[in-house]
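In what follows, a structure is listed as structure tokens, so that the remarks can point back to it.
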């Protein structure tokens, strides 16, 4: 039965197994190639985080030249501190800001410079933050300012942007960031210490 299915009977009558052996070798080679191409290349562990010393502030906490306040924040992965998310572009936004286009532009600018956009809000804004982060893309980190330290720095502003260097020094603070606002070349320098 198996001999009939594999045409071994006909091959034996003709006297040569060479075509069968070549066909089997070809099938194994094609199969191995497909598996080799489709198989994952291996997972490389991420580089361990480099602990950067905080810079020496030249101004008050929360101001340009000063340190970013070390506010307790809640991310999707659990609690963290604001200074642990540096370097980054922080956007403290209100659900009523009407700033979707501006947030898209900030997200693109941050991603172009290898930075995350940290979208900050108070505990009542959790669902809004998650929705905005989902719509803006994977480089946006939604965080809840549990102690309202960042949210209350500029009360009344619909969108406040903080550009924070790798050492925690604030490079720029723009309250009421709008469609006409710009960070200019500031984003390209954030991966370097500011002090």
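Derivation of every value follows stated rules applied to the coordinates shown; laboratory data play no part. Remember, predicted model here, so these are calculated numbers, not experimental data. Methodologically, a virtual Cβ is constructed for each residue, glycine included, from the backbone with ideal geometry; neighbour enumeration extends over all protein chains shown.
Below, the figures for the structure above:
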{"quantity": "Difference of contour (0.36 nm per residue) and Cα-Cα distance, residue 126 to residue 58", "calculated": "21.1 nm"}
{"quantity": "Separation in nanometres of the label points that stand 7 Å from Cα toward Cβ, at residue 108 and residue 146", "calculated": "3.6"}
{"quantity": "Mean separation of Cα contacts under 8 Å (6+ apart) over length of region 72-189, as relative contact order %", "calculated": "31"}
{"quantity": "Theoretical gain in end-to-end length, residue 77 to residue 182 [0.36 nm per residue, Cα-Cα removed]", "calculated": "34.7 nm"}
{"quantity": "Footprinting exposure proxy for 180, 127, 152, 122 (fewest neighbouring C-beta atoms within 10 Å first)", "calculated": "180, 127, 152, 122"}
{"quantity": "Three-way shape label, region 72-189, alpha-carbon gyration tensor, a/c 1.5", "calculated": "rounded"}
